[in-house]
1. Kindly indicate which of Leu39, Leu84 is closer than 22 Å to Gln10 by Cβ, modelled with pLDDT under 90 and part of a loop (DSSP other than H, G, I, E, B).
2. Do you know which of the residues in the stretch 58-81 that are outside any helix (DSSP H, G or I) and among the hydrophobic types (A, V, I, L, M, F, W, C) is modelled with the lowest pLDDT?
3. Only residues that are more than 16 Å from Cys209 (Cβ to Cβ), touching a helix residue (DSSP H, G or I) at 6+ places or on another chain (Cβ under 7 Å) and in contact (Cβ under 8 Å) with a residue 60 or more places away in the chain: list them for the stretch 105-122, please.
4. Among (1) of a type outside the set (Phe, Trp, Tyr); (2) outside any helix (DSSP H, G or I); (3) surrounded by 18 or more Cβ atoms within 10 Å (Cβ to Cβ); (4) more than 19 Å from the chain's Cα centre (by Cα), which single condition is Lys164 missing?
5. Of everything in the stretch 212-224, what is within 10 Å of Leu173 (Cα to Cα) and surrounded by fewer than 23 Cβ atoms within 10 Å (Cβ to Cβ)? Give them in sequence order.
6. What tally of residues in the stretch 52-88 results from selecting those that are among the hydroxyl-bearing types (Ser, Thr, Tyr) and surrounded by 15 or more Cβ atoms within 10 Å (Cβ to Cβ)?
7. Hey, does the stretch 89-97 have a residue that's open to solvent by 40 Å² or more (accessible area, probe 1.4 Å), at pLDDT below 85 and not in a helix (DSSP H, G or I)?
8. Please work out if His149 is assigned to a helix (DSSP H, G or I) and free of Cβ contacts under 8 Å to residues at least 60 places away in the same chain.
Amino acid sequence: MEEAAGEPLQIVDAARRFLNLRHLSYVALTFPKPTGSKLPIFTSTYPIEWQSHYVERDYVRIDPVVVEATKSNLPLDWTKLDTLSEPGRTLFGEAREFGIPTTGLTIPFRGQQGELAVLSACADFSARTWEDYKHENIWKLMVANSLIHRRILDIHNIADRRPKLTRREIECLCWTSQGKTCADVATILNIAETTARCYLNSARSKLNCVTIAHCVAKAISMRLIPPVS
């Protein structure tokens, strides 16, 4: 496991401060081609003592949030983990000893070339505040993950192959990003609602996303559509 310092850490810390989080951590689990760097590559705002402890014990192999994130495209709320293995309980217990909150969210990112990265965010929020925070900021975390990942690819001289969206797919995503429903989009573009839904689902498939909301966030982060004004 190789730590990415310098610019990657500056980017992650800037995102952490913008998103009002206690800590933010990025881990590239796979890359589309050999980079000469040891995988996984990570950069984090966690205390150096915890990072060293985590790396020395190779905890990335048993970290329950990382393991679960590799199985799904959906964000994983740490508080929603039903059960933890004994190694997982040990890891979470030790994290608390280092002052790491166990209220957090992990966002998987699957790139167009098969790469996988995860962004983990944690905060010292009450249960109610955490639910409100997720509702308002989960799409921002998705965008942050994509942007950080693209910059890591740049640093390792790996070209980012962006998918090609049609004009109608872009229009539907743009209006959806403005809060319009599928029915609204159909009315605005003077097309059938089923047609609008087909365009959105086509874009979602091309961007390898599970939900339309994730698709919109990813399209914004990849500069396929303009950011929300």
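1. Details: Leu84 fails: closer than 22 Å to Gln10 by Cβ.
Going through Leu39, Leu84 in turn, just one is closer than 22 Å to Gln10 by Cβ, modelled with pLDDT under 90 and part of a loop (DSSP other than H, G, I, E, B): Leu39.
2. Kept after step one, since they are outside any helix (DSSP H, G or I), are these residues of the stretch 58-81: 58, 62-63, 70-77, 81.
Of the ones still in play, those that are also among the hydrophobic types (A, V, I, L, M, F, W, C) are 62, 74, 76, 81.
Working: Ile62: 85, Leu74: 84, Leu76: 89, Leu81: 77.
Checking each candidate, the answer is Leu81.
3. Correct list: Ser120, Ala121.
4. Going through (1) of a type outside the set (Phe, Trp, Tyr); (2) outside any helix (DSSP H, G or I); (3) surrounded by 18 or more Cβ atoms within 10 Å (Cβ to Cβ); (4) more than 19 Å from the chain's Cα centre (by Cα) one by one, Lys164 breaks only (3).
5. Keep residues of the stretch 212-224 that are within 10 Å of Leu173 (Cα to Cα), which gives 212-213, 215-217, 219-220, 224.
Within the stretch 212-224, Ile212, Ala213, Ile220, Leu224 qualify.
6. As a first pass, look at the stretch 52-88 and keep what is among the hydroxyl-bearing types (Ser, Thr, Tyr): 52, 54, 59, 70, 72, 79, 83, 85.
Now drop any that are not surrounded by 15 or more Cβ atoms within 10 Å (Cβ to Cβ), which leaves 54, 59.
Number satisfying all stated conditions: 2.
7. no
8. Working: assigned to a helix (DSSP H, G or I): yes; free of Cβ contacts under 8 Å to residues at least 60 places away in the same chain: no.
In short, no.
The values are calculated or read from the model by the stated rules, or taken from the named source; none is laboratory data. Please read these numbers as outputs of a predicted model, since none were measured by experiment. Cβ: placed from backbone, ideal geometry, glycine included. Neighbour counts: every protein chain shown. The protein model used for the area step is the full one, side chains on, heavy atoms only, and it has no ligands, DNA or RNA in it. Shrake-Rupley method; radii C 1.70, N 1.55, O 1.52, S 1.80 Å.
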